[in-house]
Amino acid sequence: MNCDRANSSFALSDPSIRIAPSLLAADFSRLRESVDALAGADVDTLHLDVMDGHFVPNISFGVPVIRSLRPHTSLFFDAHLMIQEPKRYAEAFVKAGCDHITFHIEVVDNPADVVRHIRDLGVSVGVCLNPTTEIETIESILDAVDMVLVMSVWPGFGGQSFMAEVLPKVERLRSRLKPNQRLEIDGGIAPDTIEAAARAGADTFVAGTAVFGQADPAAAVGNLHNLASRVAR
Ligand code: DX5
Ligand code: ZN
């Protein structure tokens, strides 16, 4: 496999639909094979769900696992830090090979400082909102981030049901974001939910169970991509 990381940005000017498979739903005893199973699929991003057992009631994987995977794939590493202290750990995740860092607004006192810190590490930056967190909480950094991530489940576990009640927030965010800012949605994305999310204005779709929980992950990505592209704004 060619592991040159030519695609080292979120292709911010590219308005196209992007499926970001979440490694959380992969078989953790076969992570490398799981990533290889995406070869040939319409995918350039891997979503990495990092959990610390404090911000969310679950612990997933961290720096050593990401560092181990890095030499084996050229996929863009989209790290979703569900951790209490994103500023403290961001550098370690970038050094491990993450291309992008998303932090949760709920855990930071000075979001502008965290955005600056992550950007200074040389990667793009996203901010994430839990299902009931309002847009007003990110008002001061809305122009400064490359991506906003809306949770459509409560973070902590894969395989939960999609919360359609977050869609009005997605719509409002789309109308506020510039064309070069991505709008990602995460949780319960599957063939029966992705169209509603795309209609609301999301352009980047995290899918764990709906990709790695399927017999043919590459085909599952293709199907999701087609469904979202058909209705995307
Ligand atoms: C939840 C994670 C999600 C999760 C999505 O805390 O942030 O990325 O892996 O899993 P599915 O697609 O199964 O809902
Ligand atoms: Zn996630």
In nm, to one decimal, how far is the residue 180 label point from the residue 113 one, both placed 7 Å along Cα→Cβ? 2.8
How many percent of DSSP beta bridges within the range 1-152 run antiparallel, rounded to 5? 5
Based on Cα coordinates alone, diagonalise the gyration tensor for the chain, multiply each eigenvalue by 5, take square roots, and list the semi-axes in whole Å, largest first. 23, 21, 17
Work from the charge dipole of the range 178-233 (Cβ charges, +1 for Lys and Arg, -1 for Asp and Glu, about the Cα centre) and give the residue of 211, 231, 185 farthest towards its positive end. 231
Just grab the label-to-label distance for residue 215 and residue 229, each label 7 Å out from Cα along the Cβ direction, in nm (one decimal). 2.4
Add -39500 (n - 2.57) for each DSSP H run of 4 or more in the chain, then divide by its residues: what number comes out at 222 nm, to the nearest 500 deg cm²/dmol? -8000 deg cm²/dmol
Order by protection proxy (mean Cβ within 10 Å, highest first), peptides 191-201, 102-112, 56-66: 191-201, 102-112, 56-66
Okay, which of the range 26-61 sit inside 12 Å, backbone N to the point 7 Å along the Cα-Cβ direction of residue 72? 27-38
Expressed in angstrom and rounded, the centroid-to-centroid distance over alpha carbons for the range 27-68 and the range 83-120 is 18
Nearest-20 debye value, the chain charge dipole, Cβ charges on Lys, Arg, Asp, Glu: 280
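A short reminder: the numbers here are calculations on the coordinates, not readings from a lab. Worth saying up front: this structure is predicted, and the values here are computed from it rather than measured. So basically every Cβ, Gly included, is an ideal-geometry build from the backbone, and we count neighbours across all protein chains shown.
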